[in-house]
Amino acid sequence: MNITKIVSCVAFLALIGTTCVFVKRSNFFSDEMFYAGSLEATRVIVSSRLPSQIINFKVKAGDRLKTGDIIAELDNSELKIAWKRVNNKYERSVTLNKKGSLSNADLEAVQAEKDDIELKLKWCAIKAPIDGVILAKYKEFGEWVTQGTGLVLMADTKRLKAFFYVEYDKLAFLKIGQLVKCRLPEIPGKTFTGTISVISSESEFTPKNVQTRNERIRLVYKIQVNVENDDVETLKPGMTLETLFESIE
C-alpha cells in the first residue's frame, strides 16, 4: 500500500470519528433542551368526623384503594340506640300529624333529628375519598379518636403533578389549559399527556437541586403540569418527567 492510500484511509477514518462525535454531541445537546420536572401526588389526610373508638381498621400502608372503599369503622352502638328512640318518635309524629294533632313544623324538627343520627351512622364507616394509595396510618385498632383526628394519609396517584422551571422568554408560548407531551427518560418512546394548570406570575431562582451553579442563579418561572396517570404502576411520585412544552394539537 503506497503512502497516498494510507493517508486517504487515515483521513477517512478521522472523518468517520468526527461525524460520530458530532452526532453524539448533537443528541446530547438536544436532550438538554428538555425541561425536567419532579412528579408529586396530592396528599389527603382522611379524618374521623365523630368521637368514637376504632372497632375495625381494614387497611395498611401500601394498600391501593378505590373511592368509597372502607378504611375503618367506628363504634356506633350508642348511635344505634339513639336512632331507635328517634325513629319511634318520628313514626308517632307522622301519625299525629296526619290526625292534625302535630304541626308540620314539629314533624320537620323530628325528621331533622332522625336525619342527623342517620348521617352520623354513615360517618362511622370511614371511606376513601379518592382513588389512591395509603402512605401512612396514624391510628390503630382499638384506639379512641376525636372529631378531626387523622386516621390515614393517602396519595392520589391517578392525578399527578409535575413542576418545571422555565425562562422568561418561554412564557409567551405557554398558556393555562395547554396540552403538552411529556416523557420518562427511562422508557424511550412512551409519552404522557399533561395539562398546564399553573403559571407563576413571579420569577424565582432555580431550585438548589439543579446540578450546576450557573443554572441555580438563573431567574425562572414555575410551571405546574397536571398529568392523568392511567397506568399507576408506571408513573410514581418522585420520578422525573421531561417535556419540550410543545403543544399537542
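We did not get these values from a lab; they are worked out from the coordinates using the rules stated. Note that this is a predicted model, so its numbers are computed, not measured. Using ideal geometry, Cβ is built from the backbone for each residue, glycine included, and neighbour counts are taken over all protein chains shown.
Some observations on this one:
- Cα-centred dipole magnitude for the range 57-124, charges only on beta-carbon of K, R (+1) and D, E (-1), debye, nearest 20: 220 debye
- Under-5 Å amide H pairs with Asp63, H placed in peptide plane, nonlocal only: Ile134
- Cross-linked pairs Lys122/Lys181; Lys80/Lys236; Lys60/Lys122; Lys66/Lys120: Cα-Cα separations exceed 32 Å for Lys122/Lys181; Lys80/Lys236.
- Taking Cβ atoms as reference points and 12 Å as the exclusive limit, the residues near Ile117 contribute a net charge of +2, counting Lys and Arg as +1 and Asp and Glu as -1.
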